[in-house]
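Please read the structure below before turning to the comments.
The values are calculated or read from the model by the stated rules, or taken from the named source; none is laboratory data. Predicted, not measured: the structure shown is a model, and the values here were computed from it. Neighbour counts are summed over all protein chains in view; Cβ atoms, including those assigned to glycine, are modelled from backbone coordinates with ideal geometry.
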Amino acid sequence: MIKVKSLFVLAVSFTAAVFAGAAAATHLSDSNVKDRLEPVHKVYVEGDEVPQVSNTVPTTASSGPREPADIYNTYCTACHASGVAGAPIMGDVAVWDERMSKGIETVYNNAINGINAMPAKGTCADCSDDEIKAVVDYMLEESK
């Protein structure tokens with residue numbers, strides 16, 4: 001039994017040594033050493049040709065307001081499809097009728113500024129007020 005255990009330990013040790021040697025050989029290869037020794041920065045002095053680098057941040061062209069259904073499906077459905085934390089479920093006519101009894105401006109205001117557990121603009125921080133109003137209108141239309 002002890003002989004088998006010793007052979008097993010020897011085999012595992014030999015295998016580990018072979019793989020460690022291969023890893024060290026890769027780690028110490030000439031190209032890897034050269035790459036690690038390359039300077040991180042270069043100092044340019046007068047007369048050197050300095051590469052030109054753009055300092056502008058790329059911008060994406062706005063294609064106008066997003067579709068209310070897309071905004072709802074991206075940002076609102078997590079709460080308004082299941083009623084998380086008391087969120088009115090889209091399609092529940094009675095709940096939306098109760099909300100609408102306070103007036104559409106109140107519903108818009110609550111959606112834009114937040115109410116109870118709902119943060120301002122839900123989770124769509126980059127939505128405009130008009131986009132939020134359009135989403136409210138979409139939810140109301142789907143709840144008739």
*Considering every residue within segment 33-55, establish whether at least one is at pLDDT below 90, part of a helix (DSSP H, G or I) and among the hydrophobic types (A, V, I, L, M, F, W, C).*
yes
*Only one residue in K144, K133 is touching a helix residue (DSSP H, G or I) at 6+ places or on another chain (Cβ under 9 Å) and in a helix (DSSP H, G or I). Which one?*
K133
*asked:* Here are the criteria: (1) at pLDDT below 90; (2) closer than 29 Å to E142 by Cβ; (3) of a type in the set (K, R). Tell me which single one K102 does not satisfy.
replied: (1)
*If you go through segment 76-92 one residue at a time, do you hit one that is among the hydroxyl-bearing types (S, T, Y) and touching a Ser or Thr at 6+ places or on another chain (Cβ under 8 Å)?*
no
*Among the numbered criteria (1) outside any helix (DSSP H, G or I); (2) surrounded by 18 or more Cβ atoms within 10 Å (Cβ to Cβ), which single criterion is violated by D126?*
(2)
*asked:* I need the full set of residues from segment 114-123 which are assigned to a loop (DSSP other than H, G, I, E, B) and crowded, with 16+ Cβ neighbours inside 10 Å, in order please.
replied: K121, G122
